[in-house]
Structures are given as C-alpha cells and as structure tokens.
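Inspection log for the structure reproduced underneath, given as structure tokens.
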Amino acid sequence: MATLDVLILTHNEERHIARALQSVASFAQQVYIVDSGSTDRTVEIARSLGAVVLTNPFINYARQFQWGLDNAPITADWIMRLDADEVIEEPLAAEIRERLAGLPSSVTGINLKRKHIFMGRWVRHGGRYPLVLLRIWRRGMGRIEDRWMDEHIIVDRGETVTFDNPFADVNLNDLTFFTTKHNGYATREAIDALNIRYRLFAFEHTVSTRSASFQAASKRFIKEKIYNRLPFWVGPTGYFLYRYIIQRGFLDGQSGLIYHFLQGFWYRFLVAAKVVEYDRELRPLKTRKDRLHKLEELTGKKLGND
C-alpha cells in the first residue's frame, strides 16, 4: 500500500484546521503543520487531531513550505500540499485511496482540480473551474518554486497525471478578510513583476508542461509574456470582461459578480497600481542594490540575500 503525508501551513486558522485535517484522515499517514506564530487555538486543535506541529517564522509562502519539506520528518511515499482552508471531499479521498498504489513508477506527480466556494456558492464559470494544480508528488521528486507569488509545486522528472474528482477551497472568513488578504497578495505579485523587470534577486521560471500542469504553465506564460506587458489599465479591464462575458462568469449570479469583480478586476488593477507606484521610486535609481533596498523599504519585505 502506498503511503501519503500531508503538509499544511497555518497562521490563526482555528476556523478551518479541524475541517482540513478531518478531510484527509481516511488516507493520510501523517499530517505536518508548519505554524508561523498563531495566537488562536490553531496549534491546540491540530495537535488534538493528531497532527505534528512545527514552528517557523514566516517570510513568504514558498520559503515556508520548502522549510516544511526540508524539516518535517516525512516518511511517506507521497506528499500532498494542502492549504488550511481547503477540503478534500469524499469522492477525491476515495480516488486517492483507490488509485495511488496502482500508479506506475514513471508517475511522479498528481494534478488535482480545485473548485472555489465563495459566499457559500461554487464559482463554476469565468475560467475558475477546474483550476488544475500539482498537489501530490513522490517524496524526493518535488519542490516549490522560490517566488513571492503564484508559487507552484514542480517535479524535476517523470510524468504527471490528473485525478478526476475535485477538492474545494472554502474560506469561511468575510469580505474584509478576503480584500485584506488580496491586498497582501498584490504586494507580493508586484514584487515578482518588478523583479522580472529589474532582475533584483534570484527568481525561478520553472513551471512547464512537464514539471507542472499544462494549465499552470500556460497561465504563467500568458501572464509574464503578454499580460504584464500591456498598458496599465488595459490588462485588468480586458481580463475582467473576458472572464465575466466570454467565459460566462455572469452565470455565477450575485456572489459570482462580487467574486469576479474583486478577484478578476479589483485585484488585478491593484497589482498594476502597486507596480506603477513602486516603479516610480525604483526607476531613477542606478544600481540593482539600490533598487532592491528601495523595494524592501516600500514593501516591508526582506528580499534577496544582500
């Protein structure tokens, strides 16, 4: 029988962590939590449900997750990446139990389909389902990209397959939490965009159709080679209209309008606005080191190794 361990990052996730742990209980050998200083009952709940909890200061998601891969005493044949607000529903749990042991040794990664539940409703349209992501890989075969945003698990060799049943992203927090979180995401994405522009610190371009899902690789290519080169206002406007009209996001109803507008226009516009704001400060500077330090000052993030 093939074994599987799960790795989850947490910070004040007491609303979600029990649900996540219970959803993997039928197939996970062990769950490892990497917590970054929760002040609520996250750690207590996780330990009570059998999870092993490690602690580490948070810099960004990629470095925290890789720290977990490097430091958690993982022994299983396979590893799963799961966020605290995600749920493995029973059809997928059954598929994992039934198919994992039978996969040939040439398969080193498994793509899963994510569905997003927003304000209690499944966002089915606007290109949001399925989001195909590499979430399970053989131990020793995968790592996470070293990026500030849009980080993917990649496998360096072997084949990937896609399981049929989806898992769910179901965050129970309110719109204030949603917009605050996406404001932080926008800062991180602006850092990556400016790093591509000025080459301020080491940066990975490792997602490909071989190392991750075809969908993840194609989206990365479009974003970095086309979208990010459009005029400031064109990208967010065009993306929202494409998503809401051409990809029929309007079929998701009132909650769908809120989601597609906030995530598909407001967030994209905010990223572009932050790039403009930060770039005005960086452009007059002459050296990479000066630009790096200025971006650290503007964002409050420790970037690079200088």
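The values are calculated or read from the model by the stated rules, or taken from the named source; none is laboratory data. Note that this is a predicted model, so its numbers are computed, not measured. Every residue, glycine among them, receives a Cβ derived from its backbone with ideal geometry; neighbour counts consider all protein chains shown. The area values use the complete protein model at the heavy-atom level, side chains included, leaving out ligands, DNA and RNA. Shrake-Rupley method; radii C 1.70, N 1.55, O 1.52, S 1.80 Å.
Does at least one position in region 234-254 carry a residue that is under 26 Å from His152 (Cα atoms), modelled with pLDDT of 95 or more and basic (Lys, Arg)? Yes, some residue in region 234-254 is under 26 Å from His152 (Cα atoms), modelled with pLDDT of 95 or more and basic (Lys, Arg).
Look at (1) polar (S, T, N, Q); (2) open to solvent by 30 Å² or more (accessible area, probe 1.4 Å); (3) part of a loop (DSSP other than H, G, I, E, B) and you find that Ser38 fails only one, number (2). For region 185-198, filtered to residues that are out of contact with any Leu (no Cβ under 7 Å at 6 or more places or on another chain) and of a type in the set (A, V, I, L, M, F, W, C), the residue that is surrounded by the most Cβ atoms within 10 Å (Cβ to Cβ) is Ala190.
The helices (runs of 4 or more DSSP H) found wholly in region 218-306 and carrying at least 3 residues that are aliphatic (A, V, I, L, M) and surrounded by 15 or more Cβ atoms within 10 Å (Cβ to Cβ) occupy 267-282, 288-299. Using beta carbons and a limit of 6 Å, which pairs, at least six apart or on different chains, have the first residue in region 47-66 and more than 21 Å from Val24 (Cα to Cα) and the second one open to solvent by 30 Å² or more (accessible area, probe 1.4 Å) and in a helix (DSSP H, G or I)? Cβ pairs passing all conditions: Asn56/Trp67. Among the conditions (1) open to solvent by 70 Å² or more (accessible area, probe 1.4 Å); (2) within 19 Å of the chain's Cα centre (by Cα); (3) modelled with pLDDT of 95 or more, Arg97 misses just one, which is (2). Looking only at residues in region 111-148 that are among the aliphatic types (A, V, I, L, M) and in contact with a Ser or Thr (Cβ under 7 Å, 6 or more places away or on another chain), which one is surrounded by the most Cβ atoms within 10 Å (Cβ to Cβ)? Taking the candidates together, the pick is Leu134. Residues in region 164-184 that are of a type in the set (D, E, K, R) and either open to solvent by 70 Å² or more (accessible area, probe 1.4 Å) or out of contact with any strand residue (DSSP E or B) (no Cβ under 6 Å at 6 or more places or on another chain) (or both): Asp164, Asp174, Lys181.
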